[in-house]
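Here is the structure we will look at.
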There are 6 protein chains.
Amino acid sequence: MGTEQYSPMLPLISDEDASPEVKAVFDDIRETRNTDFINNFWRVLANDPDNLARTWDELKNLMGPGTSLDPMVKELIYVAVSTVNNCTYCVRSHTAAARQKGASDEQLAELQSIVAAANKTNRLAIGLQVPVDEAFQ
Amino acid sequence: MGTEQYSPMLPLISDEDASPEVKAVFDDIRETRNTDFINNFWRVLANDPDNLARTWDELKNLMGPGTSLDPMVKELIYVAVSTVNNCTYCVRSHTAAARQKGASDEQLAELQSIVAAANKTNRLAIGLQVPVDEAFQ
Amino acid sequence: MGTEQYSPMLPLISDEDASPEVKAVFDDIRETRNTDFINNFWRVLANDPDNLARTWDELKNLMGPGTSLDPMVKELIYVAVSTVNNCTYCVRSHTAAARQKGASDEQLAELQSIVAAANKTNRLAIGLQVPVDEAFQ
Amino acid sequence: MGTEQYSPMLPLISDEDASPEVKAVFDDIRETRNTDFINNFWRVLANDPDNLARTWDELKNLMGPGTSLDPMVKELIYVAVSTVNNCTYCVRSHTAAARQKGASDEQLAELQSIVAAANKTNRLAIGLQVPVDEAFQ
Amino acid sequence: MGTEQYSPMLPLISDEDASPEVKAVFDDIRETRNTDFINNFWRVLANDPDNLARTWDELKNLMGPGTSLDPMVKELIYVAVSTVNNCTYCVRSHTAAARQKGASDEQLAELQSIVAAANKTNRLAIGLQVPVDEAFQ
Amino acid sequence: MGTEQYSPMLPLISDEDASPEVKAVFDDIRETRNTDFINNFWRVLANDPDNLARTWDELKNLMGPGTSLDPMVKELIYVAVSTVNNCTYCVRSHTAAARQKGASDEQLAELQSIVAAANKTNRLAIGLQVPVDEAFQ
């Protein structure tokens, strides 16, 4: 299914329009991900080259292998946050990334069941003003 | 450190005041968790026995072992959602649960770094109105 | 139970420090509510007399009797929104207002069960990206 | 007006593809609502039959007649929460349900005025850090 | 780019269908903004003439010149809030307003970088439960 | 006013316990801000030295002078976001920073009036499902 969308608030930066600083980030994205595809997020962010460089550096370091959490688990956490924040772009792109890193339909469904249950109990704790037990202080 | 807190919106139900339906849930919590401790969340929720029974049944089924995601991972997801929703009670109780299921300081710090990064990029995608790539549609 | 709290970002305006414009609003609050008590929300808001006057006028018109929704129902809706926004001050003050307008413990518990269920299904619809049925378009 | 939409994260389960457990829930939805129509929410949720059964059971018990709050009022609360959470699917489907249960245009407009006012005063209480009055502790 | 959209929850009120009270607000919008264009927000809000009048009065007083903050800065703050609340309509209309009041691409990009960074550190402070320093109490 | 608080999820790192990488960041904070005071946010974040270094670098570059937006304006934007996200720590620390950079009581009150109005109209646009005007697409 396709949907015509609105234009972004700042233009998509094509490879042709990329400054050397932007081009360097695009190159690193391509090499790190082993693909030629640069998704729209980075092309819009490229309007602010410093923020592009900082944000790519942050995600590259956080989301790759070699840290204390499994890369697929880290994508599931990203999907969970994106769901609570209601970011369509992020839910869709990070669900795709989670699948690519091995998440099954069953795991994605279970993830959403947990996100939903947490949202439910979060509101109960807030709405009923449950006092924090000493054990959790 | 301790803090005197406000009273909850509905009273904490003690073991003595528990109806048979509430008592049955409390007993199952104690048996499932292998502890005598019933935390305040359940004691306040017990004012609505049906909601108490439904919610405990939901969490018991979702958060235990034997599903497609690891119990510790599921607690990390719970902490992530509770952080975005800013539920102090839930952040504290589920961080404690994550530790109990084996989460290290390093993993908890890494979790929060990912939650923070996701919140950052979520807002960039929304604020800049990044169009969803065809690959993610 | 009591809790010492932090100071507000702008000072609480006492009756003595109230300008004539602020005093007029305080008088109307007292008359409308038939009480001498002015709660802290209005005393802090009084630092911006225009916003104070506009906001009081808005709540006075919206939340009183004589509209298409029942005053107690309107307070329940206020509590629901305050719970989702995690506003402790607002949850506590509007739960008190709902009780004053006749809400029972059972109704308040049921309200929170519905708020919780809605938060749960909201996230499922978002996280699973459920397409809007034609019937709802 | 129509809009082509993105595909959901998990497939819509048709009647043909429904497992016996899913079919039983679909049948109960049809009988309870006295209609043949199963909306997309349930068809996507059906990828996780346990969550489907639990969630339907929860909504069936909470949202029907015979509880302490009026069914139309309960739908208004659902719309309020869905608005704060910015769930398009939920705002649209529960506004439709509220209408079906008798909500007038005037009541729906008034509901949104209250949701808006509550969002406004919630942020004022938070941003100005208004201390909770003793009367509300 | 264009997108066919869903219909609003209440009808768009055309100039022809406007009651005298609504017409007076529409006239004031046109005069204040020096344009014939009335955007959809006001046309939908016109279903509740009191809320229309109150809300227009509020925005007219808050967002115009002659206050302690610069009008362009005030639009940037509006965009920041709309981004966190994920309101597509509001992000788009207030980004347009900010541009009209002089915001450059660079300033809009910088705004979003700050919004993103604040969202990141907000979650770190919440998720790690950072205690408020005495200096900030 | 003071309040005893709960302990953070990870320990506060004192100067004595700081690793060389953490010490370097603490030194840069002190030099940049021209004060010996390191607030709790950085001391808790120091449990993840990479995140500490990245986050400090981000804020140092974004929030200082020499960019397209005024430093005081940037703090106001930070307060606006922190208010919507309901981060007590952040509202208090960035309101203090805004004051230090010259924000008056009147400007802070006006900021909160705008944040409140934006939250109000955001929810109206969402709840009433206002279609985006062509002019904003």
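Residues of the stretch E:21-47 that are polar (S, T, N, Q) and farther than 17 Å from E:Lys101 by Cα: E:Asn39, E:Asn40, E:Asn47.
The one condition from (1) under 26 Å from C:Pro65 (Cα atoms); (2) crowded, with 21+ Cβ neighbours inside 10 Å; (3) basic (Lys, Arg) that D:Arg43 does not meet is (1). Determine if the stretch A:80-87 includes at least one residue that is under 16 Å from the mean Cα position of the chain (by Cα), at pLDDT 95 or above and over 17 Å from E:Ala116 (Cβ atoms). Yes; the residues of the stretch A:80-87 include at least one that is under 16 Å from the mean Cα position of the chain (by Cα), at pLDDT 95 or above and over 17 Å from E:Ala116 (Cβ atoms).
If the condition is being away from chain A (no Cβ under 14 Å) and polar (S, T, N, Q), then the stretch C:64-105 contributes C:Thr67, C:Ser68, C:Gln100, C:Ser104.
Annotation: E:Ala97 fulfils all but one of (1) farther than 14 Å from F:Ala117 by Cβ; (2) surrounded by fewer than 24 Cβ atoms within 10 Å (Cβ to Cβ); (3) at pLDDT 95 or above; the unmet one is (1). Every condition in (1) touching an Asp or Glu at 6+ places or on another chain (Cβ under 9 Å); (2) more than 29 Å from F:Asn86 (Cβ to Cβ) holds for E:Gln5 except the one numbered (1). Please determine, by comparing only the residues of the stretch D:68-94 that are touching a residue at least 12 places away in the same chain (Cβ under 8 Å), of a type outside the set (A, V, I, L, M, F, W, C) and under 23 Å from E:Thr55 (Cβ atoms), which one is surrounded by the most Cβ atoms within 10 Å (Cβ to Cβ). Filtering the stretch D:68-94 for residues that are touching a residue at least 12 places away in the same chain (Cβ under 8 Å), of a type outside the set (A, V, I, L, M, F, W, C) and under 23 Å from E:Thr55 (Cβ atoms), the one surrounded by the most Cβ atoms within 10 Å (Cβ to Cβ) comes out as D:Thr83. Would the stretch F:76-92 turn up any residue that is β-branched (Val, Ile, Thr) and not assigned by TED's automatic domain parsing to the domain that holds F:Asn119? The answer is no; no qualifying residue exists. Do we have B:Leu108 as outside any loop (DSSP other than H, G, I, E, B) and within 14 Å of chain E (Cβ to nearest Cβ) here? Here the answer is yes, as B:Leu108 does meet what is asked. Taken over the stretch B:120-137, the criterion of being of a type in the set (D, E, K, R) and under 27 Å from the mean Cα position of the chain (by Cα) is satisfied by B:Lys120, B:Arg123.
For the stretch D:111-137, a residue qualifies if it is part of a helix (DSSP H, G or I) and away from chain F (no Cβ under 12 Å), and the qualifying residues are D:Glu134, D:Ala135, D:Phe136. Against the criterion of being out of contact with any His (no Cβ under 7 Å at 6 or more places or on another chain), part of a helix (DSSP H, G or I) and aliphatic (A, V, I, L, M), E:Ala103 does not qualify.
Just name the residue that is nearest to the other protein chains (Cβ to nearest Cβ) out of those in the stretch E:31-44 that are within 17 Å of the chain's Cα centre (by Cα) and over 14 Å from E:Tyr89 (Cα atoms). Here the answer is E:Phe37. Within the stretch A:11-32, does at least one residue satisfy the condition of being closer than 21 Å to A:Gly64 by Cβ, among the polar types (S, T, N, Q) and exposed (fewer than 15 other Cβ atoms within 10 Å of the Cβ)? Among the residues of the stretch A:11-32, at least one is closer than 21 Å to A:Gly64 by Cβ, among the polar types (S, T, N, Q) and exposed (fewer than 15 other Cβ atoms within 10 Å of the Cβ), which makes the answer yes.
The values are calculated or read from the model by the stated rules, or taken from the named source; none is laboratory data. Since the structure is predicted, the reported quantities are computational estimates derived from the model, not experimental observations. Methodologically, a virtual Cβ is constructed for each residue, glycine included, from the backbone with ideal geometry; neighbour enumeration extends over all protein chains shown.
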